[in-house]
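Chemist: This structure is in structure tokens; I'll ask about it shortly.
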Amino acid sequence: MTKGRVIKNYNGFYYVDTGAADLTECRRRGKLKTKILVGDELEITELGDNKGVIEGLLPRRNALRRPAIANIDQMFIIMAAQSPDPNYFLLDQMLMTCEYAGIHPKVCFNKCDLNRDRAEEYRDFYAKCGYDVYLVSAATGDGIDVIKDLLPGQMTAFGGPSGVGKSSLLARILGRPLTVGRVSEKIGRGRHTTRHSEIMLLDEGTYVVDTPGFSALEFEQLEPRELLRLFPDMLAYSGGCRFSSCLHRSEPDCSVKAALAEGKIQQERYDSYCKVLDSILERKRNSW
Ligand SMILES: Nc1nc2c(ncn2[C@@H]2O[C@H](COP(=O)(O)OP(=O)(O)OP(=O)(O)O)[C@@H](O)[C@H]2O)c(=O)[nH]1
Ligand SMILES: [Zn+2]
């Protein structure tokens, strides 16, 4: 049996990178019931002629829901320093979506040529929350090498809201337009312009994946108690609350609110937490 990773799912076939020069075109065994995602690591039986059968999935380390991608080693949330202007709640929602998937993301501010001061403000803020923040400009090339150096041996995903310059940034990082990939050359399909998630194989063991349609979870569906886990900077202070059921909103003797008062938790983060908590509680009230 051979181990490999699903790079692309197309027309019912899974294209698997086994480290060989060519991808292996696989179908799944009928008895295999689990849904297979792009990024999944699996065991295949090779049938020769770059064809194979998927025998089973290796355990998943994490999985994004939208788009569905498994086993992301690192994820960058891209924001713009300006146009579109960043905002804390939007970025918090994207960070929460990653944390929910089991991914502690990094943050990258693009368009720093337009407003470096604001990018630095955000960098300092999110560094205090425990996130690595990178300042770049796809226009000038500033900071791009630092990102490139983080890629070898990893599967890296890039996500972010529309218009932040994700395509420009990826083109800079990859040194070529996003719509032409080595993967599609390998499959022999040449140029393609569809934007479903497809992993680009840069080098052995180095993958880059775009996340078209990446958007925040519908947090209303979460349980109130699940929410704090999505804010690692606040979770760290929750151990000392008087009530084990504390939602850190209006309960007395709350160690999260104490940390907020002492400036150990930043107000904007707590505000994001409360905003989402309120929408969850509102949904619960309405469903009774
Ligand atoms: N000043 C400046 N403009 C940039 C930079 N990066 C991208 N842009 C511009 O921002 C606009 C959006 O860039 P795209 O790369 O298309 O952005 P995108 O995030 O892929 O956009 P979607 O396709 O909507 O997801 C374009 O007009 C780019 O020229 C940058 O670093 N600085
Ligand atoms: Zn509390």
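Values quoted throughout were computed directly from the atomic coordinates according to the rules given, and no laboratory measurement underlies them. None of these values were measured; they are calculated from a predicted model. Note that each Cβ is placed from the backbone with ideal geometry, even for glycine, and that neighbours are counted across all protein chains shown.
Chemist: Can you tell me which of T97, T45 is more than 18 Å from the chain's Cα centre (by Cα) and of a type in the set (S, T, N, Q)?
Modeler: None of the other options fit; the residue is T45.
Chemist: Out of (1) of a type outside the set (A, V, I, L, M, F, W, C); (2) part of a loop (DSSP other than H, G, I, E, B); (3) within 27 Å of D203 (Cβ to Cβ), the odd one out for K148 is which?
Modeler: Evaluating K148 over (1) of a type outside the set (A, V, I, L, M, F, W, C); (2) part of a loop (DSSP other than H, G, I, E, B); (3) within 27 Å of D203 (Cβ to Cβ) leaves (2) as the failure.
Chemist: Report yes if F219 is within 16 Å of ligand 1 (Cβ to nearest atom), in contact (Cβ under 8 Å) with a residue 24 or more places away in the chain and of a type outside the set (S, T, N, Q), otherwise no.
Modeler: Details: within 16 Å of ligand 1 (Cβ to nearest atom): no; in contact (Cβ under 8 Å) with a residue 24 or more places away in the chain: yes; of a type outside the set (S, T, N, Q): yes.
So F219 fails the test.
Chemist: Could I ask something else about it? So in the stretch 229-254, with the set limited to residues that are touching a residue at least 24 places away in the same chain (Cβ under 8 Å) and charged (D, E, K, R), which one is nearest to ligand 2 (Cβ to nearest atom)?
Modeler: By that ranking, first place goes to R249.
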